[in-house]
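A short reminder: the numbers here are calculations on the coordinates, not readings from a lab. If you're wondering where the values come from, they're calculated on a predicted model, not measured in any experiment. Glycine gets a Cβ as well: all are built from the backbone with ideal geometry, and neighbour counts include every protein chain shown.
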Amino acid sequence: MAFLGALFQLQLKEKDWNSSQATLKHLRQAGADSVAASLAEGHVALAQQKWDAAEAAYLKAAEQRPLAPEPLLSLVQLDMRQGRMTQAQHRLEALLEKNPDHPYAAGFLGDLFLTKGESAPAVAHFETATRVNPKWTTPWAHLARVRYAQMQMKEGDTALLKGLEANPENEQLRLMLALSLSAQHQYDEAITHYETVLRYVPRSVMAANNLAAVLVDHRGDTKSLDRALTLSKQFESKKPNPYLLDTLGWAHHKLGHSAEAVRVLKQATTFAPDHPVLNYHLGAVYAKAGQRTEAAVHLKKAIEFRASFEGIEEAKALLAEISG
């Protein structure tokens, strides 16, 4: 069974439609899950733009498992791919009229309205989705994003908190909440949520990076700086990422490790030479090391960036100080 499944995927990748159909037949004969087989049949037809055959296969899967998300989503995506947004909407509305508590239909309909730019009905359907299926995290995330886009920060945070009541270990919802709290300068609350993410998902790079950044920028005591350095030391062993390296370099800087700070931040700006924050940080590190010429180059580059950024006033003041 495993071999046939792998063979089927390879044939799909190579667009060997005839062989994939034969393998799919063998999978059915070998006792493959009937819904998975119907979905696979639909995917093969979809790849060949055989719309009617794809729809028939997806409808069969939906009949076999009416409450599963995959068949319904496949049907909606098929409609959307053909530009039939109205039909997709009618499909979902008809299903909800028949079964108002379908665990996924309201969420998919909310997503469709969001695609159309209609936030009010999208919110209404996301709220329904969170009521009937609170363990499904996607509607909670969409609901929060809509609220944030409308600058309704409290409502967005509330949606995420409710989502986390049902899904306390979910990384995405808690990271979104921590980012929002940090943007609202509620740093202690943000730190608590980042630490919670790392308790549940110890390898979360985003949580480690964001937590380290908040500790460096908004705590600054020795214990917090040591914690930030511990969190960010791992970043040098990963695929080079200028923003992760910036966090590590800035932690070294705040701890007084000038040589390490220069080394790491130079590497960071190699990958993102025009980023204003990275240039500000490298300029500040050079200034502290007494290398005023190099500091001025990077501080000027940061300040000349068209958009504002956190630290721009500090960059201007530091440039004035070393230039005077």
Hey, fewest Cβ within 10 Å first, where do Asp101, Asp79, Asp246 land in order? Asp101, Asp79, Asp246
Would you mind giving the three semi-axes, in whole Å and largest first, of the ellipsoid equivalent to the stretch 218-324 according to its Cα gyration tensor? 22, 15, 13
In the stretch 64-166, what is the volume of the convex hull around the alpha carbon atoms, normalised per residue and reported in Å³? 87
Considering the stretch 72-123, what Rg and Dmax in Å follow from its alpha-carbon atoms? 10.2, 28
In sequence order, calculated HN-Hα J values of the stretch 105-111 (Karplus, 6.51, -1.76, 1.60; Hz; x Gly/Pro): 4, 5, x, 5, 5, x, 5
Where in the chain is the longest stretch that carries no GluC sites (Glu not before Pro) classed as loop by DSSP and with at most 13 other Cβ atoms within 10 Å? 170-303
Using 0.36 nm per residue of separation minus the Cα-Cα distance, give me the extension gain between Gln150 and Asp101 in nm, one decimal. 14.8 nm
For the stretch 187-261, state which trypsin sites (Lys or Arg not before Pro) are in a DSSP loop and have at most 15 other beta carbons lying within 10 Å of their beta carbon. Arg203, Lys238
If I model a spin label at Gln186 and Ala166 as a point 7 Å from the Cα along the Cα→Cβ vector, what separation in nanometres do I get? 2.1
Under 8 Å for C-alpha pairs, at least 6 residues apart: give me the relative contact order for the chain, rounded to a whole percent. 6
Among Lys239/Lys300; Lys223/Lys288; Lys266/Lys288; Lys233/Lys254; Lys223/Lys254; Lys288/Lys316, which pairs are too far apart, with a Cα-Cα distance over 20 Å? Lys239/Lys300; Lys223/Lys288
Structure-derived percent of Cα pairs over 36 Å apart: which label, when the choices are [x] 30; [y] 22; [z] 43: [z]
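Which order results if Thr269, Thr222 are arranged by neighbouring Cβ count within 10 Å, fewest first?
Least crowded to most crowded, the residues run Thr222, Thr269.
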Could you please rank Tyr286, Tyr148, Tyr194, placing first whichever residue has the fewest other Cβ atoms within 10 Å of its Cβ? Tyr148, Tyr286, Tyr194
With all distinct Cα pairs included, what does the Kirkwood hydrodynamic radius of the stretch 121-184 come out to in Å, to one decimal, could you say? 11.4
Can you figure out the FRET efficiency of Gln49 with Met85, using R₀ = 25 Å and their beta-carbon distance, to the nearest 0.05? 0.85
Roughly how big is the stretch 237-323's charge dipole about its Cα centre, with Cβ charges of +1 (Lys, Arg) and -1 (Asp, Glu), in debye to the nearest 20? 240
